[in-house]
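Right, one structure below, let's go through it.
Every read-out reported here was derived from the displayed coordinates using simple, explicitly stated rules and does not represent laboratory data. Treat the numbers as computed from the prediction; the structure is a model and nothing was measured. Cβ placement follows ideal geometry from the backbone for every residue including glycine, while neighbour counts extend to all protein chains displayed.
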Amino acid sequence: MKAKSGLEKLISLAVWRTTGIDGDQTLRTIRIALGLALFGVLSVTQASAGASTRSFVSGNGNDNNPCSPEAPCRTFAHAITQTDAGGEIIVMDSAEYGTVAIDRNITIDAPKGIYAAVNVAQQGTGITISSPNVTRVELRGLRLISQGADSTGISYNGAGFLYIDNCVVDGFYGFVASKGVGIAILNAGYIFVKDTSVRNGSTGILTAQGGFGASITLDQVRLEGNNYAGLRLSDKHKATIRNSVVSGNVSAGFVADVQTSPSELNIEACTISGNGTGLKATGPGGNAQGMVRISNSIVSHNDVGLLIQGSTVLSAGNNTIRDNQSVFDVTPHDIVGVMVIYKQR
Amino acid sequence: MKIIRLASCSILFAVLQVAAQGYASTLAATPQTFVSGVGNDNNACSRQQPCRTFAHAITQTDPGGEIVVLDSAEYGTVSIDREVTIEAPKGVYAGVDVPSGSAGIEIMPKATRVTLRGLRIRSTGANVNIGIAFRSAGTLYVEDCILDGFPGLAFKEFGITVSNDDPSTSNAGTLYVKDTAIRNWDVGIKAEGFYLQNDKFGFGAEVTLERVQLESNNIGLQVLQRHKATIRDSVISGNGTGLSVFAGDFHSAKMVIERCLIAYSGGNGVESFGADPNYPGIVVLSNSVVVNNSTGALRGAGGLLFSRHNNTIEGNAVDTQGSLQTETGK
């Protein structure tokens, strides 16, 4: 087997983490499959140029149409059946487009200036990514709106890369923390979220307990007004969040609650304010400690700033952590537990 | 008096007429051309009669003019041979599919000043593909674009290449990239040289990146000999190698990194190499977070890696390799 490139190593690792299958073996299979797929793609392209690498949907569309710009379809669920793996669904104008289960690599793109909503019924899921064939999904410019309790906005159970840009995920409430979730990350993979708000749910972003951890990158994200947590990080997951606002979450902004295996959370240049607790970092201690690093951030006006129990919280010593105090408190509770300063380099 | 009035009136009339004709002829000269998904390349590329492809619209556009996208569609590859702006305003999807073995948008030597705004450029094949090939010694602005490589493993694919192919000058161009995501390429942005390689005296490219996402590429940003890059406020995540500097035999290569996140690289988060100790690769790292990479910051052979010591370099399998040097804030 020839030497693996960095990205191949990454994919190999992702496959292994996701499925437990030997990554190298899979990589070899992927290489062969890709070769075949490529051959297939080339033949298909020649046979029917541009048949459906790109589908279009419109509020005036019809699912009996071929999903072309001239004759767009009406729903995401139908458009995806008319789109090649690796293709794109383009939203042409403002409307609601229905829920969709994603079974192939796809981009759904609502350009700025267009409102593209997905209404989600009680106990339903807006966008489901569950097939192991799905290794790359991009969602741009969508509004996921809950219409009833215990629903989920985006549920990721694929294998590979998920990009979420410019979305609003609103109101996915429930009566326990695990029901009513904005974005549920149920499997390993690389998740990138940018310029996205996750609001008014039970849990804004939830990672599954058990299995292999995901690698999550959050940039310019707003986690606001969620009942249990803005972001809840479970065992083995790694998340890095920067330039983001985590505010008004009733119970806690961040929850990193380790059960048996360490998780990791890096917080840079965030505002964490107005939550019940800014950050809850809890665990059994010992070798299973979670790890949280925080730098250049504001932790203020929460009832409790940082709550650290059986977990490690490291600070670069350049955060503003003050005035965390509930109306019932006589003194602030900025840092409950022990926070350790690390040296920047 | 009456005669004078009459005369001045007719002069005024004549002036207005000339002005109107002038305006009309300016319109016909097409400083702005328009393209639409329902356009036709036999049209005049006017607002009322738009064209269908970028490749045709540019032939109808004055140097220094603009091609404006009216509605959402795919507009084909284009070779840019003059100063031009291609603009897809927000709310409009303007795709460019890059067939196998070609470039999506080529900036040719005569195009000294080009702006690309709001485009979605995606590779559809798996040969040597380039999203944007910047071959002139001029200035290129890339804003609000998304460049998607071929889904799958790393092929010889490049999101943006800076490689002056103009034999009349040994200087390279100036590239600005802002608010742009570059994903799934072999190299996201590559600053290399063609005529430059054989010339000892030309200037390298100056690459300025702001709020850029370099995600799941084999290498995010690669700066080779003679070129310089600055990158700020950007996310470099899930790549094989994040940011790479590799200097050559006669020339250094330089990169300044400010307020970036470099995470989840399968290999090195940021690396600095050089072939000749006299012309080292130079990286300056400041106010950045380098976490969860295989190796966070690598100062390799022939490379220098300066830190302002205000970076979080933690949680990598190896945080730093080769000693970091100190860059003092001034």
Practice problem: Give me the angle, in degrees from 0 to 90, between the Cα long axis of helix A:23-47 and the longest principal axis of the Cα atoms of chain A, rounded to the nearest 10. | Solution: 40 degrees
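For n ≥ 4 DSSP H runs only, could you compute -39500 (n - 2.57) per run for the protein assembly as shown, divide by its residues and tell me the 222 nm figure to the nearest 500?
Details: 5 runs with 78 residues, N = 675.
Value at 222 nm, helices only: -4000 deg cm²/dmol.
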Quiz item: aspartates and glutamates near B:Lys110 by alpha-carbon distance under 17 Å, same-chain residues fewer than 8 away left out - which ones?
Solution: B:Asp62, B:Glu66, B:Asp81, B:Glu83, B:Asp165, B:Asp166
Quiz item: What cysteines in chain A have no other cysteine with a beta carbon less than 4.7 Å from their beta carbon?
Solution: A:Cys167, A:Cys270
Practice problem: Determine which residues of the stretch A:61-89 fall in the zone a paramagnetic label at A:Glu96 would reach in this model, i.e. backbone nitrogen under 20 Å from the point 7 Å along Cα→Cβ. | Solution: A:61-64, A:73-80
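When you look at the Cβ of every residue in B:312-319, what mean number of other chain Cβ atoms sits within 10 Å? Kindly include the intermediate steps, with their values, before the conclusion.
Details: counts 14, 3, 11, 8, 0, 0, 0, 1.
Average neighbour count from other chains, rounded to a whole number: 5.
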Practice problem: Give the order of A:Ser273, A:Ser311, B:Ser244, A:Ser131 when sorted by the count of other beta carbons within 10 angstrom, beginning with the fewest. | Solution: A:Ser131, A:Ser273, A:Ser311, B:Ser244
Quiz item: Can you give the Rg to Rh ratio of the stretch A:58-114, both from alpha-carbon atoms, with Rh computed by the Kirkwood formula?
Solution: 0.92
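Mind putting a number on the dipole of the protein assembly as shown about its Cα centre? Charges go on the C-beta only, +1 for Lys and Arg and -1 for Asp and Glu, and I need it in Debye to the nearest 20. Walk me through the intermediate numbers first.
Numbers: 52 positive and 57 negative charges, 115 e Å.
Dipole about the Cα centre, nearest 20: 560 debye.
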Quiz item: To the nearest 20 debye, what charge dipole does the stretch A:208-345 have about its Cα centre, counting +1 at the Cβ of each Lys and Arg and -1 at the Cβ of each Asp and Glu?
Solution: 380 debye
Practice problem: Give a residue-ordered list of calculated ³J(HN,Hα) values for the stretch B:314-327 (Karplus: 6.51 cos²θ - 1.76 cosθ + 1.60, θ = phi - 60°; whole Hz; x for Gly, Pro). | Solution: 9, x, 8, 4, 10, 6, 9, 10, x, 6, 6, 9, 9, 9
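Rg to Rh ratio, the protein assembly as shown, alpha-carbon atoms and Kirkwood radius?
Working: Rg = 26.6 Å, Rh = 26.2 Å.
Dividing the radius of gyration by the Kirkwood radius yields 1.01.
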Quiz item: Given a cut-off of 17 Å, what percent of all Cα-Cα pairs of the stretch A:200-280 lie beyond it?
Solution: 39 percent
Exercise. Please report the relative contact order for chain A, taking Cα pairs under 8 Å with a sequence separation of at least 6, and give it as a percent rounded to a whole number.
Key: 8 percent
Practice problem: Search the structure for amide H atoms under 5 Å from the amide H of A:Ser234, placed 1.01 Å from N in the peptide plane, and list their residues when 5 or more places away or on another chain. | Solution: A:Thr207
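To the nearest 20 Debye, how big is the dipole of the stretch A:85-343 about its Cα centre, given +1 on the beta carbon of each Lys and Arg and -1 on that of each Asp and Glu?
Working: 17 positive and 20 negative charges, 80 e Å.
Charge dipole of the stretch A:85-343: 380 debye, to the nearest 20.
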Exercise. Please report how far the C-alpha centroid of the stretch B:165-183 lies from that of the stretch A:271-331, rounded to the nearest whole angstrom.
Key: 44 Å
Self-check item: Percent breakdown of C-alpha pair distances by 5 Å bin, ordered from the shortest bin, for the stretch A:220-325
Solution: 3, 15, 25, 27, 20, 8, 1
Exercise. Enumerate the amide H contacts of B:Ser72 below 5 Å, restricted to partners 5 or more residues apart or on another chain; note that Pro and chain-start residues carry no placed amide H.
Key: B:Tyr93
Self-check item: Positive-end extreme of charge dipole, chain A - chosen from A:Asn227, A:Ile108, A:Ser326 (charges on Cβ)
Solution: A:Ile108
Quiz item: Put +1 on the Cβ of each Lys and Arg and -1 on the Cβ of each Asp and Glu in chain B; which of B:Val291, B:Asn316, B:Gly267 then has its Cα farthest toward the positive end of the dipole?
Solution: B:Val291
Quiz item: Can you work out ³J(HN,Hα) from phi for every residue in the stretch A:109-116, in order, using Karplus 6.51 cos²θ - 1.76 cosθ + 1.60 and θ = phi - 60°, giving whole Hz and x for Gly and Pro?
Solution: 10, 9, x, 4, x, 10, 9, 10
Quiz item: Which value in Å does the Kirkwood hydrodynamic radius of chain B take, with 1/r averaged over all unlike C-alpha pairs and then inverted?
Solution: 21.2 Å
Exercise. Work out from phi, with θ = phi - 60° and the Karplus expression 6.51 cos²θ - 1.76 cosθ + 1.60, the ³J(HN,Hα) of each residue of the stretch B:158-169, listed in order in whole Hz, and give x for Gly and Pro.
Key: 10, x, 10, 10, 10, 8, 4, 9, 8, x, 7, 9
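Over the Cα atoms of chain A, what is the Rg over Rh ratio if Rh follows Kirkwood? Could you put the intermediate results ahead of the total?
On the way: Rg = 21.5 Å, Rh = 21.1 Å.
Ratio of gyration radius to Kirkwood radius: 1.02.
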Quiz item: How many nm separate the modelled label positions at B:Thr326 and A:Gln147, each set 7 Å beyond the Cα in the direction of the Cβ?
Solution: 6.4 nm
Exercise. Above 18 angstrom, tally the Cα pairs of the stretch B:175-330 and express them as a % of all pairs, no decimals.
Key: 52 percent
Quiz item: Taking amide hydrogens as modeled 1.01 Å from N in the peptide plane, which residues meet the under 5 Å criterion relative to A:Leu265, leaving out close sequence neighbours?
Solution: A:Ala239, A:Met291, A:Val292, A:Arg293
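Between their Cα atoms, which of A:Lys194/B:Lys228; A:Lys194/B:Lys330; B:Lys90/B:Lys228; B:Lys90/B:Lys156; A:Lys238/A:Lys280; A:Lys343/B:Lys254 are more than 22 Å away from each other?
On the way: A:Lys194/B:Lys228 28 Å; A:Lys194/B:Lys330 33 Å; B:Lys90/B:Lys228 31 Å; B:Lys90/B:Lys156 31 Å; A:Lys238/A:Lys280 16 Å; A:Lys343/B:Lys254 26 Å.
From A:Lys194/B:Lys228; A:Lys194/B:Lys330; B:Lys90/B:Lys228; B:Lys90/B:Lys156; A:Lys238/A:Lys280; A:Lys343/B:Lys254, over 22 Å: A:Lys194/B:Lys228; A:Lys194/B:Lys330; B:Lys90/B:Lys228; B:Lys90/B:Lys156; A:Lys343/B:Lys254.
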Quiz item: Taking the alpha-carbon centroid of each part, what is the distance from the stretch A:204-230 to the stretch B:40-116 in angstrom?
Solution: 40 Å
Quiz item: For the charge dipole of the protein assembly as shown, defined by +1 on Lys and Arg C-beta atoms and -1 on Asp and Glu C-beta atoms about the Cα centroid, which residue among B:Val256, B:Thr139, B:Asn40 has the Cα displaced farthest towards the positive pole?
Solution: B:Val256
Quiz item: Which angle from 0 to 90°, rounded to the nearest 10, does the C-alpha axis of helix A:6-19 make with the longest principal axis of chain A?
Solution: 80 degrees
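Would you order A:Phe56, A:Phe328 from fewest to most other beta-carbon atoms within 10 Å of each residue's own beta-carbon?
A:Phe328, A:Phe56
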Quiz item: Taking Cα atoms, how many degrees apart are the long axis of helix B:2-28 and the longest axis of chain B, rounded to 10 and kept between 0 and 90?
Solution: 40 degrees
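What is the local net charge at B:Pro89, summed over the other residues whose Cβ is closer than 13 Å to its Cβ (Lys, Arg +1; Asp, Glu -1)?
Numbers: positive: A:Lys112, B:Lys90, B:Arg117; negative: B:Glu66, B:Asp71, B:Glu87, B:Glu143, B:Asp144.
So the surrounding residues net to -2.
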